[in-house]
Amino acid sequence: MASEDFRPLVAAALARGDKTVVIPPGTYRLAPDGGGRCVWSVERARDVEIVAEGVTLVSTRLTRAVAFNGCVGVTLRGLTVDYDPLPFTQGTVIAVDGASGWIDVKLHAGYPRQPYARIDVIDPVTRYRKRGMPFLWGTKAEMRGEDVVRVTLAGIGRTAAAGDLVSLSAGPDAGGIPHALTLERCSAVTLQGVTVHSAPGMGILECDGGGRTAYLACRVVPGPPPAGAQEARLLSTSWDAMQTKTVRYGPRVEGCEIREAGDDSWSVQSSDLMVLKAEGRTLVLASRDAFTVGVDVGDRLTTRLGGPEASVATRRGLSREEAALDPALLTKLSEAPQWSAWKVSPRCIEVTLEKELPVAAGDSLYSPDRMGNGFVFRNNRVHSPGRVLVKASGTVEDNLLDTPHALVVCPELPGTAAAGIDGLVIRGNTIRRAGWFCPAPWSSQAGAVSVTAGGGARQLRAAGVFANLRIEDNVFEDCVGPNVVVSSARGVRVRGNRFEHPHHGKPNDTGASYGIAGDAVIWVAESEDVDVEGNTVNDPGPFLGNVVAGGVPRE
């Protein structure tokens, strides 16, 4: 029989130096202690195994459930995380007004009576994101009676119809912090058989630290219906299912399952750093990611693949005021629009390099040691609307990706920002029913496998952002639009892939502003040393134009 609270047991065992801690099986309904913001924290533990088989932690506040901070060599086995109240609600569309741009959603019994506004429209037959759904940013939601939510957005009536299902999600409580389980500044942690059923943000977030994390047989999947509910849950996490960013060594993700997440399915992410001041070997930098440490001592910095590198010898954080930046530069920073080159974190980093780099204020750097390079994403099953998103070198192999926005490799940075990915392998995957994610003509992420880097407006970067790219022995089934899109690369091998039933559906206009051909199976541009051979196309549909397009030889 479980006690009411396992946290004192774990804290006492760690204080004694126990190397194995067993949490009694059971369901624990817990909130943060003493007005805190995280339900359960493990701080600076080393070389310990925490066994949580048969343990479910239900957070009764929409805030962080579990946090591992500064831990090394820790293994967590078997924990399940869920929330009550849920961080989302769901229902059925009962009325649509196309002219005024609203829909009414009758909430399902047992789900929160809340007007959450982050919406997904779901086909009632497939119980999956409805085809043709646009990006539904800027929605507004309000209660219309006890159990009806009116969602307002221009154009929503062109997507939703009476009888469609809808999920409506939110972030954390006021004062809460998102994400169900976090690993911050950790190294060599193993999550074995950990399950996340819901989250007010991401399911599992790993950031900073040494990395080398193993995610083995973990699951981010919808949980059981809440009390009083007849309908199964439509959603797992409100945001991404799993994300790793700015770690020294990439994770190993094997045998995991991801379903019905509210945003990206899995990602390994990185960021560039803007040079704000350069005086010899001393630089003042600001990361584009405001929530991570940026770089640490020992990390290398460079401007491009093959460019000169220098390692960080010393590092300290400081404010823009403490950095004594040029007044004109401060103005440029304060007035920078979103997604522009000068839109960076207000926190600065002063570093001393082991040797001088030829850079000046306004230049961009990246660290090949803060990208998660060397990751392995293998033998996983994904059935979720969002992307598998890669911003590092590593291996993606033997996965089943059943998703409308399957695999994206893209720095997602302004065109002048530094980026480089060398040695990515995409091999042996089965990719099903991709190509009908929300139409985005402004985006270069057009393919079922999309490897691109945007430059200026309607421009793709020149070759050199990616190097030594292998897309081999994959099976693409029933994908619409281009199945493989590659730009900005040197040394590309697209070999032995099988394309089954491509182009039986009309492609949307994603990639149109970059001139990406929606009727091609393989499209390559702004690339050098490209080898396309040994691929087969079976039973193409009426929307096929060229098998290979964009400036590479046809097979």
Practice item. Give the number of residues within the range 75-102 that are of a type outside the set (Asp, Glu) and buried (at least 21 other Cβ atoms within 10 Å of the Cβ). Key: 12
Review point. Out of all the residues in the range 191-231, which are more than 20 Å from the chain's Cα centre (by Cα) and touching a residue at least 60 places away in the same chain (Cβ under 8 Å)?
Key: Gln192, Gly193, Gly223, Pro225, Pro226, Ala227, Gly228, Ala229, Gln230, Glu231
Check your understanding: Residue check: is Arg29 surrounded by fewer than 19 Cβ atoms within 10 Å (Cβ to Cβ), in contact with a Phe, Trp or Tyr (Cβ under 8 Å, 6 or more places away or on another chain) and of a type outside the set (Phe, Trp, Tyr)?
Key -> no
Review point. Where in the range 495-555 are there strands (runs of 3 or more DSSP E), lying fully within it, with 1 or more residues that are open to solvent by 30 Å² or more (accessible area, probe 1.4 Å)?
Key: 498-500, 528-533, 536-538
Point to revise | Residues satisfying the stated conditions in the range 315-342, i.e. among the basic types (Lys, Arg), assigned to a loop (DSSP other than H, G, I, E, B) and open to solvent by 70 Å² or more (accessible area, probe 1.4 Å) | key: none
Exercise for review: Could you check Gly491 against (1) open to solvent by less than 30 Å² (accessible area, probe 1.4 Å); (2) modelled with pLDDT of 95 or more; (3) under 26 Å from the mean Cα position of the chain (by Cα) and say which number it fails?
Suggested key: (3)
Check your understanding: Are there any pairs, at least 6 apart or on different chains, whose C-beta atoms fall under 7 Å, with the first in the range 296-314 and assigned to a loop (DSSP other than H, G, I, E, B) and the second open to solvent by 40 Å² or more (accessible area, probe 1.4 Å), and if so, which?
Key -> Asp296/Arg315; Val297/Ala313; Val297/Thr314; Val297/Arg315; Thr303/Asp363; Leu305/Asp422; Pro308/Pro358; Glu309/Arg300
Check your understanding: Of all residues in the range 387-437, which are outside any strand (DSSP E or B), surrounded by fewer than 24 Cβ atoms within 10 Å (Cβ to Cβ) and out of contact with any Gly (no Cβ under 9 Å at 6 or more places or on another chain)?
Key -> Ala417, Gly428, Arg433
Exercise for review: Please give the number of the condition Gly163 fails out of (1) small (Gly, Ala, Ser); (2) at pLDDT below 95; (3) over 26 Å from the mean Cα position of the chain (by Cα).
Suggested key: (2)
Point to revise | Residue satisfying condition, being without any contact (Cβ under 8 Å) to a residue 40 or more places away in the chain and of a type outside the set (D, E, K, R), within set Val396, Val382, Val390 | key: Val396
Revision key, fill the gap. A careful count of residues in the range 343-360 that are open to solvent by 50 Å² or more (accessible area, probe 1.4 Å) and within 24 Å of the chain's Cα centre (by Cα) gives 3
Review point. Within the bounds of the range 480-488, is there any residue that is hydroxyl-bearing (Ser, Thr, Tyr), open to solvent by less than 20 Å² (accessible area, probe 1.4 Å) and assigned to a strand (DSSP E or B)?
Key: yes
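Take the range 130-152 and flag every residue that is closer than 30 Å to Lys506 by Cβ and open to solvent by 30 Å² or more (accessible area, probe 1.4 Å).
Within the range 130-152, Lys130, Arg131, Gly132, Pro134, Phe135, Trp137, Gly138, Thr152 meet the criteria.
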Revision key, fill the gap. The condition of being under 26 Å from the mean Cα position of the chain (by Cα) and at negative phi holds, among Val42, Val51, only for Val42
Check your understanding: Going by the conditions given, is Tyr249 open to solvent by 30 Å² or more (accessible area, probe 1.4 Å) and either modelled with pLDDT of 95 or more or not hydroxyl-bearing (Ser, Thr, Tyr) (or both)?
Key -> yes
Study note, to complete from the structure: In the range 147-162, residues that are touching a Lys or Arg at 6+ places or on another chain (Cβ under 7 Å), closer than 21 Å to Tyr111 by Cα and not in a strand (DSSP E or B) total 1
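The values are calculated or read from the model by the stated rules, or taken from the named source; none is laboratory data. Computed from a predicted model, the values in this text were never measured in an experiment. Counting neighbours? That spans all protein chains shown, and the Cβs are built from the backbone with ideal geometry, glycine included. These accessible areas exclude ligands, DNA and RNA; they are computed on the full protein's heavy atoms, side chains included. Shrake-Rupley method; radii C 1.70, N 1.55, O 1.52, S 1.80 Å.
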